[in-house]
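One structure is given below, encoded as structure tokens.
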Protein chains: 4
Amino acid sequence: MTPLLDNNTLDMNGLERLVEHVVAGGVHGIFILGTTGEAQSLSHGLRVEMIKQTSRLLRNRIPLLVGITDTSIVDSLILSQVAYEAGAEAVVSAPPYYFATGQPELAEFYEKLILQLELPIYLYNMPSHTKVAFAPETIKRIAENEKVIGFKDSSANGSYFQAVMYTMRDRKDFSIFVGPEEMMAEAVMMGASGGVNGGANMFPKLYVDLYNAANSKNIDEVRVLQSKVMQICSTIYSNGKYGSSYLKGLKCGLSVLGICDDFLAAPFNKFDIEHRERVECAIKELCL
Amino acid sequence: MTPLLDNNTLDMNGLERLVEHVVAGGVHGIFILGTTGEAQSLSHGLRVEMIKQTSRLLRNRIPLLVGITDTSIVDSLILSQVAYEAGAEAVVSAPPYYFATGQPELAEFYEKLILQLELPIYLYNMPSHTKVAFAPETIKRIAENEKVIGFKDSSANGSYFQAVMYTMRDRKDFSIFVGPEEMMAEAVMMGASGGVNGGANMFPKLYVDLYNAANSKNIDEVRVLQSKVMQICSTIYSNGKYGSSYLKGLKCGLSVLGICDDFLAAPFNKFDIEHRERVECAIKELCL
Amino acid sequence: MTPLLDNNTLDMNGLERLVEHVVAGGVHGIFILGTTGEAQSLSHGLRVEMIKQTSRLLRNRIPLLVGITDTSIVDSLILSQVAYEAGAEAVVSAPPYYFATGQPELAEFYEKLILQLELPIYLYNMPSHTKVAFAPETIKRIAENEKVIGFKDSSANGSYFQAVMYTMRDRKDFSIFVGPEEMMAEAVMMGASGGVNGGANMFPKLYVDLYNAANSKNIDEVRVLQSKVMQICSTIYSNGKYGSSYLKGLKCGLSVLGICDDFLAAPFNKFDIEHRERVECAIKELCL
Amino acid sequence: MTPLLDNNTLDMNGLERLVEHVVAGGVHGIFILGTTGEAQSLSHGLRVEMIKQTSRLLRNRIPLLVGITDTSIVDSLILSQVAYEAGAEAVVSAPPYYFATGQPELAEFYEKLILQLELPIYLYNMPSHTKVAFAPETIKRIAENEKVIGFKDSSANGSYFQAVMYTMRDRKDFSIFVGPEEMMAEAVMMGASGGVNGGANMFPKLYVDLYNAANSKNIDEVRVLQSKVMQICSTIYSNGKYGSSYLKGLKCGLSVLGICDDFLAAPFNKFDIEHRERVECAIKELCL
């Protein structure tokens, strides 16, 4: 997440606490400026600052992945250059999201982008927000360039996820991550590389433990921990009738936990007091 | 599947062979008149005949589940009465699919329907075809009636599936099945009751073995068998650019295996010779 | 509309009053068993009865058009035979609405259907309910058969409507109607044949007058009458947050006007007393 | 349109020719950085330059409207400040297009944005690209602020357009424009303020003439000119199976006419030689 004080100001103390919190929780890397990071709602200038500050605070303890998703290839490349200079390990890119492209145009877009990148890149599938999904064959085509080192799927489509894993089965060094935290354990049991899960902002250890249980094929432990994750999803993220309940709930949760401010960038707003109290209750009942 | 000779004639020899084939393969039940069964493309009269003939051929060796999905509640109830008289174990119903309903109307529709049913019922989630998905809370509300004994989800949405399982966690006798075969193994490992998978028409033993591996928490075996399922999906079901590639491929596969005719009810058509030859190759390469 | 007493019983007195009401209002034809007629929510048997009874009551005073839209080509043909025997002038058919087809399959479906029809046919575009829109070129292809005499577009897409008119400009005998009543006047001014507008169930003379004003290129009169139509749309059809507000409001309006019962077939329900009172007020304020 | 030499360079000679071309053609204003202007595919820096250069070339001969649509409210405000300083008459804004908002959030977003604007604003409805449509009541709410002086609708939904006109009927100073050129004439005949039509980049006089015919209620003249517009739409914009055929065709047309380069910003590409030749033929056949 991106801790904010207002639409154009980072909550610097919050960011520092958040970085320490997730590092202490044992996560294997940090991904900034994705959907959960509200990247598209931030000005280009603030995105640059977020990259620099996170890198400074993280001090290379774990890999930093930086979202460069933009509708402009030029602005995407500027962000990727900033990420490179800040010492990030890789960039992450979802398709341009104003104009929808066909699959050949999508592949060509990435081929052009990659040519000018200094860093390795993860493709990021987020069709509900970008309108277009990477066809498995398009991923394979783009990934013929070795700079393409992985894929994150936030479609929540389990059949699609299996199809991507099957299509990429011969690229042993290609990482495949799942976005929705409800699906992380099963994805890892089926052979995925891991999850990029928003809830790890609040409870990093829970998600690391769940990953470890799945990775070590301990199904009984998986089911116990999964139940905690589902409790989070069905309370903190499902509070009110907002399309943005997930973002509101997650940022409110971080605020309730004392980590950072719950300001949400326009066009969203933080929870009112009534919804916040429900998040407080939900966190208490979790007993984490 | 529904073996057909033309738009209004069952392939009776094919139906008999198909029933024997899947029973011999060890499946735990048969679901007719679902999406894979092309129910909506069949006349009301042919659906009635399909129920009677399948029941006659099956001779109660395993449970028979009958799809009664229709846009008319009256015609749905007629089909359910036929199913009851034919000795079916339960009916299966997806929402009315011409007019989209809100969740309260959806719950009320089922409350009315269930009142007049003789048989237990499974709810069937198929939002790509019916336009509306059952919200987890709507399932819970409808399932307050004990005649509602289970749920089949064909949305392919893994987050949604987990949310349904979590919402229904206290109804121990409520079965939850997954439609897309790509997701069956992981769903079962996470606690689902099983799969209702089209590929089992062709290769019932493979899907039973995969279910057994998942149910006995044998992840290594799951991954080996899953790879076969993904091979089927990426060849037999992905042959050409048709929206109906799955149905065309599956019915062609049954024909190639000598089980039944590959006639598809309008508005679809069977594969031409070129596509059929690809299915033949795909089946040979599977070595099942 | 289809006047109903319950899910499987016509309101026969209501149907008689409704037929007389619209004939007296000067409409140029009657279209039954379309979307506004709730055809898909009626049993096959009730649809047959609706055709016979309407034909009997109408006594050929004006043309009767009969919707035969169904997911089964066999059941569509049965309905068209009933319509033929009842003396209907033509049938009207929207695409199969469970499975979505591509354009070639859509054309082939209609080519097969038309071969077996006794009556001329209008194609009916309703993509929000059938998932697929007729591409203008597909209309042209299907209409190479002279039995295809017209097209009704309920997409509300003004660019598409113009494209269809332009594509069919050389078929002088091909009628093009618009469904949404908000668009009828402008469509007719641009050269369309007329409207098939639900509001004409309640206020047939208003819609006939608006058609006449548009057809005689009297733009000032059009704007005055259009304002009445928009008043109907923004009050009677926009009452509450239901997806089915249009159907609920229209049937409630007929009941308030003393024409027929306001029972809606499942999955919908009629308005409660509070919403009904708003319809009563709206009708009073219309001063028609 | 935005004449480009590459992804980050304006075609300055082309821009000058384009400005002179449309001014000479009699258009009543120029709208830059909309969808047809590929604004979202341009870097923030290039958008700033486009505003400054267009203003310089236009020399206030006709009003300049500037698109400030962005997912970041901060970057939108920076663009609007540039537009203000460059002497633009108003800004134009479509909703944030990565995260979809509900109607209350949409209204609040604009209330915040407007507070900080120096210039008047037009709302821009483009739901296919922004995922959310302005409900008519939301437009009314936002337009309570007098800085909101108009609305442009590119939804192509004729019922919706009429509903917006009806809802705003008491705000006589509020302009309502239609985007799709196929609908411009009918919209103006029904009372709309005019069109913002891409084709006017190529053939400004045709669109001005069509507007004048519609505005003077000359339906016969409208139908003659409309036929030319439909010829453009069905040839130049419908060349190949691209989702971006409209943009490719329009920019190719400008190049064929000798006005500017046909470079399209990523993720799109200009037409190949075969498609270009079809545009050349189409323009010849138009005889404009």
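The values are calculated or read from the model by the stated rules, or taken from the named source; none is laboratory data. Keep in mind that this is a model prediction, so the values were computed, not measured. Here the Cβ is made from the backbone with ideal geometry for all residues, glycine too, and neighbour counts use every protein chain on show. All accessible areas refer to the heavy atoms of the entire protein, side chains included, with ligands and DNA or RNA removed. Shrake-Rupley method; radii C 1.70, N 1.55, O 1.52, S 1.80 Å.
Look at the alpha carbon pairs under 8 Å that are at least 6 residues apart: their mean separation over the length of chain D gives a relative contact order of 17 percent.
Residues of the stretch B:141-184 whose accessible area, computed with a 1.4 Å probe over protein heavy atoms, drops by at least 50 Å² once all protein chains are present relative to their chain alone are B:Ser159, B:Gln162, B:Tyr166. Nearest-to-axis residue in chain C, judged by Cβ distance to the rotation axis that brings C onto B and given in whole Å, is C:His44, 3. Just to be sure I understand: of the beta bridges DSSP finds with both ends in chain A, what percent are antiparallel, rounded to 5? Close to 10 percent.
Pairs of Lys residues in the stretch B:77-225, spaced 8 or more positions apart or belonging to different chains, with C-alpha separations under 19 angstrom: 8 in total. Per residue of peptide B:237-248, the mean number of Cβ atoms on other chains within 10 Å of the residue Cβ is 2. A loss of 10 Å² or more of accessible area (1.4 Å probe, protein heavy atoms, ligands and nucleic acids excluded) relative to the isolated chain is seen in these residues of the stretch C:106-121: C:Glu108, C:Phe109, C:Lys112. Per residue of B:73-79, other chain Cβ atoms within 10 Å of the residue Cβ number 5 on average.
If r is the Cβ-Cβ distance from C:Ala24 to B:Glu85 and R0 is 41 Å, what FRET efficiency results, to the nearest 0.05?
Working: r = 48 Å, r/R0 = 1.17.
My answer for the efficiency is 0.30.
Summing both sides, the accessible surface hidden between A and D at a 1.4 Å probe radius is close to 3300 Å². Put the Cα centre of the stretch A:215-249 next to the Cα centre of the stretch A:1-67 and the gap is 22 Å. Spatial offset of the stretch B:163-190 relative to the stretch D:176-208 amounts to 54 Å, using the alpha carbon center of each.
With a ≥ b ≥ c taken as the square roots of the eigenvalues of the C-alpha gyration tensor of chain D, please select rounded if a/c is under 1.5 and otherwise prolate if a/b is larger than b/c or oblate if it is not? Can you show the working numbers first?
Working: a/c = 1.59, a/b = 1.20, b/c = 1.32.
It is oblate, given that a/c is not under 1.5 and a/b is not larger than b/c.
Residues whose amide H falls under 5 Å from that of B:Val91, counting only those 5 or more places apart or on a different chain, are B:Val66, B:Ile121, B:Tyr122, with hydrogens built in the peptide plane.
Within the accessible surface of the protein assembly as shown, defined with a 1.4 Å probe on protein heavy atoms only, the carbon and sulfur portion equals 50 percent. Annotation for C:Lys147 and A:Asn13: the two label points, set 7 Å from Cα along the Cα-Cβ direction, are 7.9 nm apart. Per-residue mean of foreign Cβ neighbours for A:127-140 is 1 (Cβ atoms of other chains, 10 Å radius).
DSSP assigns beta bridges within the protein assembly as shown; of those with both partners inside it, close to 10 percent run antiparallel. Summing Lys and Arg as +1 and Asp and Glu as -1 over all other residues whose Cβ lies under 14 Å from the Cβ of D:Val222 gives a net charge of -3.
Note on C:Asp6 and D:Arg61: with the Förster distance fixed at 51 Å, the Cβ-Cβ geometry gives a FRET efficiency of about 0.15.
Counting only other residues whose beta carbon sits under 14 Å from that of C:Val48, what net charge do I get with K and R as +1, D and E as -1?
On the way: positive: C:Arg47, C:Lys52, C:Arg56; negative: B:Asp75, C:Glu49, C:Asp70, C:Asp75, C:Glu85.
Its environment carries a net charge of -2.
In the neighborhood of D:Arg141, defined by Cβ-to-Cβ distances under 11 Å, what is the net charge if each Lys or Arg adds +1 and each Asp or Glu adds -1? Mind dumping the intermediate values first?
Values: positive: D:Lys140; negative: D:Glu108, D:Glu111, D:Glu137, D:Glu144.
So the surrounding residues net to -3.
Probe of 1.4 angstrom, ligands and nucleic acids ignored: what's the accessible area per residue over the protein assembly as shown, in square angstrom? Don't skip to the end; give the middle numbers.
Working: 40970 Å² over 1152 residues.
About 36 Å² of surface per residue is accessible.
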